[in-house]
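A.B. asks: This is the structure I have questions about; it appears just below.
The values are calculated or read from the model by the stated rules, or taken from the named source; none is laboratory data. Values in this document were obtained by computation on a predicted structure and should not be read as measured data. Neighbour counts are summed over all protein chains in view; Cβ atoms, including those assigned to glycine, are modelled from backbone coordinates with ideal geometry.
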Amino acid sequence: MKIELDMNRRPDVAHAPTSLAGLSVPALKAEMETFGIEPKKASMRAKQLRRWMHHMGTQDFSEMTDLGKGLRAELADKYTLGRPEIAEHKVSIDGTQKWLVRFAPGIEGESVYIPAVSTKTGALCVSSQVGCTLNCTFCHTGTQKLVRNLTAQEIVAQVMIARDGLGEWPASEEGRLLTNIVFMGMGEPLYNLDNVAEAIDTLSDGEGMAIGRRRITVSTAGVAPKIPELGERTGAMLAISLHAVRDDLRDEIVPINRKYDLQTLFEAIRAYPGLNNSKRVTFEYVMLKGVNDSLAEAHDLVKLLRGVPAKINLIPFNPWPGSPYECSDWSTIEAFAEVVNRAGYASPIRTPRGRDIFAACGQLRSESVKKSAAETRREALAAAEQA
Ligand code: SAH
């Protein structure tokens, strides 16, 4: 028997035929003009589509009752409302969920939903790039080359997929499970700021996904010149992956420090618009045994943060196969936290979540990169035989 594999047969992916889901209002308007709608009407159509897609979660043009039947049919001829394909979905025993999203053939990235334990919030950790250029030595994504930036639509699609999975359409604000977005997945968001800013516009749109800008946090390893710009363009909350309080150590473990050292970084942080006690910067600090976890470093951290409205997030290091570090002992982490707490900073120790599904911080890495071409082919053959 001869099996023919049609690798192009992907009805639901965002690129073919073009899905409108996740496009920003200006992008939708431009698309409607390309489609042949006159500019004045295109704006109205864009807003109608935005409400159906991003507030209601609609995946079928026929539900769009305020659009004429003819127009619905024409739109459905050219476009879809589909999401990118879900290559893999895993649910952890602690409720954490991970999606491996296939944005295009061979282009895969992860998003992770983390339900809160005590508060009524839940965060989706989204990726901004596939792969990363930064090479932080403790980060698994850092072992992977940059594949490409994600588009604004692809970033928003990660949130739509999570909402689909959680059954949270329409996007009502009452009691929802997905309340916050953190750009702490794969990639460096400030190396993709245009798309990240456009995605945040769409996510925070009150007539659409309705996730307030104060509930969206962007984490950076320290692309200093882009930090104030991030605040001006997005109004999002800022998080900094600090991890070391001295330039020599930070040069080694967060190599972007060689380009923008601690002094440059802190000048940029202080210039972040709107910082005050209710809008603080989150500093992430991964606890690496014998590397950055001494009490002297805890005291230096407090000194370094003087005058910056700050929260400190101590992250137990999550080991990954072949990683060159160990996580600090629990007693060391607690002693470190105590120094920071005594100085008046909230410093929650982040509980590792989703370890059983390899979804913890810094473990995000596209499985597709690890699979060999032969493996992928075998899987495709098996799938075709089953179909
Ligand atoms: N590039 C951005 C966005 C990634 S955020 C940034 O660096 O901020 C991912 C967070 O997880 C960062 O704080 C990163 O330093 C942290 N992290 C990476 N690998 C980790 C690991 N193995 N264990 C714990 N935290 C890790």
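A.B. asks: Confirm whether Lys279 is in the same structural domain as Cys125 (by TED's automatic domain parsing), surrounded by fewer than 18 Cβ atoms within 10 Å (Cβ to Cβ) and within 15 Å of Leu314 (Cβ to Cβ).
C.D. replies: no
A.B. asks: Check off (1) under 26 Å from the mean Cα position of the chain (by Cα); (2) away from the ligand (no atom under 11 Å from the Cβ) for Met287 and give me the number that stays unchecked.
C.D. replies: Among (1) under 26 Å from the mean Cα position of the chain (by Cα); (2) away from the ligand (no atom under 11 Å from the Cβ), Met287 violates only (2).
A.B. asks: Consider only pairs whose beta carbons are under 7 Å apart and that are at least six residues apart or on different chains; among these, list those whose first residue lies in the range 187-206 and is within 29 Å of Asn135 (Cα to Cα) and whose second residue is acidic (Asp, Glu) and assigned to a helix (DSSP H, G or I).
C.D. replies: Filtered contacts from the range 187-206: Leu193/Glu229.
A.B. asks: With the structure loaded, tell me whether Ser19 is in contact with a strand residue (DSSP E or B) (Cβ under 6 Å, 6 or more places away or on another chain) and under 25 Å from Val159 (Cα atoms) or whether it fails that test.
C.D. replies: yes
A.B. asks: Does Ala171 satisfy the criteria of being small (Gly, Ala, Ser), within 15 Å of the ligand (Cβ to nearest atom) and crowded, with 19+ Cβ neighbours inside 10 Å?
C.D. replies: No: the conditions fail for Ala171.
A.B. asks: Now, a different point. Which residue, of Leu301, Leu305, is farther than 24 Å from Gly142 by Cβ, crowded, with 18+ Cβ neighbours inside 10 Å, of a type in the set (A, V, I, L, M, F, W, C) and modelled with pLDDT of 90 or more?
C.D. replies: Leu305
A.B. asks: Moving on to the next point. Arg270 passes all but one of (1) charged (D, E, K, R); (2) within 25 Å of Gly22 (Cβ to Cβ); (3) more than 16 Å from the ligand (Cβ to nearest atom); which number fails?
C.D. replies: Result: Arg270 passes all but (2).
A.B. asks: Something else about it: Residues of the range 183-209 being more than 16 Å from the ligand (Cβ to nearest atom) and under 23 Å from Thr141 (Cβ atoms), which ones?
C.D. replies: Scanning the range 183-209 gives Asp194, Glu198, Leu203.
A.B. asks: Just to be sure I understand, how many residues within the range 148-168 are more than 11 Å from the chain's Cα centre (by Cα) and within 15 Å of the ligand (Cβ to nearest atom)?
C.D. replies: 1
A.B. asks: Still on this model: Go through (1) surrounded by fewer than 19 Cβ atoms within 10 Å (Cβ to Cβ); (2) within 15 Å of the ligand (Cβ to nearest atom) and name the single condition Val130 misses.
C.D. replies: (1)
A.B. asks: In this structure, is Ser328 in the same structural domain as Gly274 (by TED's automatic domain parsing), surrounded by 21 or more Cβ atoms within 10 Å (Cβ to Cβ), within 16 Å of the ligand (Cβ to nearest atom) and touching a residue at least 24 places away in the same chain (Cβ under 8 Å)?
C.D. replies: On the way: in the same structural domain as Gly274 (by TED's automatic domain parsing): yes; surrounded by 21 or more Cβ atoms within 10 Å (Cβ to Cβ): yes; within 16 Å of the ligand (Cβ to nearest atom): yes; touching a residue at least 24 places away in the same chain (Cβ under 8 Å): yes.
Judged against the criteria, Ser328 is a match.
A.B. asks: Also, I was wondering about something else. Can you say whether Ile200 is touching a Leu at 6+ places or on another chain (Cβ under 9 Å) and in the same structural domain as Tyr285 (by TED's automatic domain parsing), as far as the supplied structure shows?
C.D. replies: So Ile200 fails the test.
A.B. asks: Anything in the range 310-325 that is touching a residue at least 12 places away in the same chain (Cβ under 8 Å), surrounded by 15 or more Cβ atoms within 10 Å (Cβ to Cβ) and not in a strand (DSSP E or B)? List them, or say none.
C.D. replies: Phe317, Asn318, Trp320, Ser323, Tyr325
A.B. asks: For the range 226-262, which residues satisfy the criterion of being part of a strand (DSSP E or B), within 12 Å of the ligand (Cβ to nearest atom) and buried (at least 22 other Cβ atoms within 10 Å of the Cβ)? Explain how you work it out, then say what you get.
C.D. replies: Within the range 226-262, the subset part of a strand (DSSP E or B) is 237-241.
The next check asks that each one be within 12 Å of the ligand (Cβ to nearest atom); those that pass are 238-241.
Within the range 226-262, Leu238, Ile240, Ser241 qualify.
A.B. asks: Let me ask something else about it. Looking at the range 85-97, can you tell me whether even one residue there is under 23 Å from Gly212 (Cα atoms) and either among the aromatic types (Phe, Trp, Tyr) or surrounded by fewer than 19 Cβ atoms within 10 Å (Cβ to Cβ) (or both)? If you could, list the steps in order and put the result at the bottom.
C.D. replies: Step one: list which residues in the range 85-97 are under 23 Å from Gly212 (Cα atoms), which gives 96-97.
Cutting the leftovers down to either among the aromatic types (Phe, Trp, Tyr) or surrounded by fewer than 19 Cβ atoms within 10 Å (Cβ to Cβ) (or both) gives us none.
No.
A.B. asks: What number of residues within the range 341-367 satisfy the criterion of being at pLDDT 70 or above and either among the small types (Gly, Ala, Ser) or outside any loop (DSSP other than H, G, I, E, B) (or both)?
C.D. replies: 11
A.B. asks: Here's something else I'd like to know. Checking Ala380 against (1) surrounded by fewer than 19 Cβ atoms within 10 Å (Cβ to Cβ); (2) in a loop (DSSP other than H, G, I, E, B); (3) at pLDDT below 90, only one condition comes out false. Which one?
C.D. replies: The failed condition is (2).
A.B. asks: Spot the failing condition for Asn180; the list is (1) at pLDDT 95 or above; (2) surrounded by fewer than 20 Cβ atoms within 10 Å (Cβ to Cβ); (3) away from the ligand (no atom under 16 Å from the Cβ), and only one is missed.
C.D. replies: With respect to (1) at pLDDT 95 or above; (2) surrounded by fewer than 20 Cβ atoms within 10 Å (Cβ to Cβ); (3) away from the ligand (no atom under 16 Å from the Cβ), Asn180 is out only on (3).
A.B. asks: Please enumerate the residues belonging to the range 238-276 that are closer than 13 Å to Leu190 by Cα and touching a strand residue (DSSP E or B) at 6+ places or on another chain (Cβ under 6 Å).
C.D. replies: Result: Leu238, Ala239, Ile240, Ser241.
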